[in-house]
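The values are calculated or read from the model by the stated rules, or taken from the named source; none is laboratory data. No experiment lies behind these values; they were computed from the predicted model shown. Here the Cβ is made from the backbone with ideal geometry for all residues, glycine too, and neighbour counts use every protein chain on show.
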Amino acid sequence: MVELCTKHSLFSWSATGKVDPMPIAKAEGIYLYSPEGKRWIDFNSQLMSVNIGHGHPHVIEAIKKQAETLIYAYPGMATEVRARLSKRLADLVPGDINTFFYTLGGAEANENAIKAARLFTGRHKIIARYRSYHGATHGVMSLTGDPRRWPNEPGMSGVVHVMDPRPYDYSFGDSDDEIVAENLRYLEEVIQAEGPHTIAAMFIETVTGTNGILPPPKGYLQGLKKLLERYGILLVCDEVMCGWGRTGKLFAFEHGGIVPDIVTMAKGLTSSYMPLGVMGLSDKIAAHFRDNVFWGGLTYNAHPMCLAAAMAVIDVLESEKLIENSAKMGDVMGVHMARLGKKHRCVKEHRNIGLFGLIELQKNAKGERLVPLAGAHPVMGKLGKFYREEGLFTVLQWGTVMCNPPLTINEPQLAEAFDIIDRGLSIVDEVFEG
């Protein structure tokens, strides 16, 4: 299985000759299984996406039922599942976001959000932050700020990157009030230098994902929305990773008490049982496209099988109170992280919001990051091997250990996972300098 996969297929973000893929035969709940029966805790929900856990019978049954009635319909047709999901999303998404465009993933949702923002405003430029990831297709890879952007350049024109409230090695201040005030002052200067009349939108991951699991400072979202509104610039919240209960609320922007002009989502909406992305538009933008053409389209736009999976996943999130469990287990996760932070010299920081978290590792007592931007450290390979051998799957992103389990996880399962993480961090302690 491994031999044929590596011989005849490409793997993401990898040189195929250097990959060592895990052989997976089945998955159930929070667990993955090899063909031989070895079990791993899925502590990253695959790609922060299998929010309801693996193999939920309600979703599987919904997919089967849809397959028996209508598998595919041309995007220009109306279908029952499209009608039902669109109404349900309009009821669930806060504020006046009531109109939705369906894609096959988060990158496509963000690509279409670029189009919608430009068409609506008549402006071209897009602001994005450096500590960000918005997808791997042409336009949104240009928006992405992290080093994966570099090999894809030159990219889409009109992208302006700015520093986050929390850059890698610089601080806008110590308190949240200070950080917010200084960052927004800096951002306003950038807007003025670029020309507000040229800027269509600013894209943010509401909670930064793979670049650090960074919840926004208190007051940032409200201040940012107010600043952008002053200049007629749209706010687009990318909730592909942090949405659908991951942070302990349905959407992460709810923590900040705001509603964006456009929201994009994917991953947890179908728990990755089927591929689906969504762009949600506020009423003022949707009204524009009642009279003006939206120049976007996809063969698999509003695919019935994908929409059916989303309906069923929402059922599970609500009926099993998984968003509430995310908030509750997030508190438990924070306690485990704090314990490991006190125990291991290699732990620089730990942070989580709901079940969206990570442990950041340091090189020395000065607090230097173990892995520099776009760099590597041999101990991370050893750590990854240890976790796989001990029954834990997670993503080690540069110098961090991702902690993003399915929202179904319970206290004993969290304790088991953090026991493995604990033992693994001792390996990193051995290379700590000073």
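Where strands (runs of 3 or more DSSP E) fall entirely within the stretch 327-434, those with at least 1 residues that are in contact with a Ser or Thr (Cβ under 6 Å, 6 or more places away or on another chain), surrounded by 14 or more Cβ atoms within 10 Å (Cβ to Cβ) and of a type in the set (Phe, Trp, Tyr) are at 356-361. Under the condition of being of a type in the set (S, T, N, Q) and surrounded by fewer than 24 Cβ atoms within 10 Å (Cβ to Cβ), the residues counted in the stretch 90-111 number 2. Counting only helices (runs of 4 or more DSSP H) that fall entirely inside the stretch 51-150 and contain at least 2 residues that are under 18 Å from residue 279 (Cβ atoms) and assigned by TED's automatic domain parsing to the domain that holds residue 233, the qualifying elements are 80-92, 106-121, 138-143. Scanning the stretch 205-227 for residues that are within 14 Å of residue 262 (Cα to Cα) and surrounded by fewer than 23 Cβ atoms within 10 Å (Cβ to Cβ) returns a single hit, 225. Scanning the stretch 182-199 for residues that are assigned to a helix (DSSP H, G or I) and in contact (Cβ under 8 Å) with a residue 12 or more places away in the chain returns 183, 184, 186, 187, 188, 190, 191, 194, 196, 197, 198. Scanning the stretch 169-181 for residues that are more than 17 Å from residue 204 (Cβ to Cβ) and surrounded by 14 or more Cβ atoms within 10 Å (Cβ to Cβ), we see that the one that is modelled with the lowest pLDDT is 173. In the stretch 96-112, the residues that are within 9 Å of residue 301 (Cβ to Cβ) form Cβ pairs under 6 Å with partners that are assigned to a helix (DSSP H, G or I) and not hydrophobic (A, V, I, L, M, F, W, C), at six or more places apart or across chains, as follows: 101/112. A count restricted to the stretch 245-287 and to residues that are in contact with a helix residue (DSSP H, G or I) (Cβ under 8 Å, 6 or more places away or on another chain), more than 25 Å from residue 71 (Cα to Cα) and assigned to a loop (DSSP other than H, G, I, E, B) stands at 11.
Residue-by-condition table, conditions (1) of a type in the set (A, V, I, L, M); (2) in contact with a Cys (Cβ under 9 Å, 6 or more places away or on another chain):
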residue	(1), (2)
27	yes, no
33	no, no
36	no, no
43	no, yes
49	no, no
55	no, no
60	yes, no
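If you go through the stretch 200-237 and keep only what is among the hydroxyl-bearing types (Ser, Thr, Tyr) and not in a helix (DSSP H, G or I), you end up with 206, 208, 210, 231.
Just the residues that are over 16 Å from the mean Cα position of the chain (by Cα) and farther than 12 Å from residue 13 by Cβ, please, taken from the stretch 132-154.
Just the residues of the stretch 132-154 that are over 16 Å from the mean Cα position of the chain (by Cα), to begin with: 138-139, 142, 147, 149-154.
Across the stretch 132-154, the qualifying residues are 138, 139, 142, 149, 150, 153, 154.
Within the stretch 335-356, the set of residues being under 15 Å from the mean Cα position of the chain (by Cα) and aliphatic (A, V, I, L, M) comprises 353, 355.
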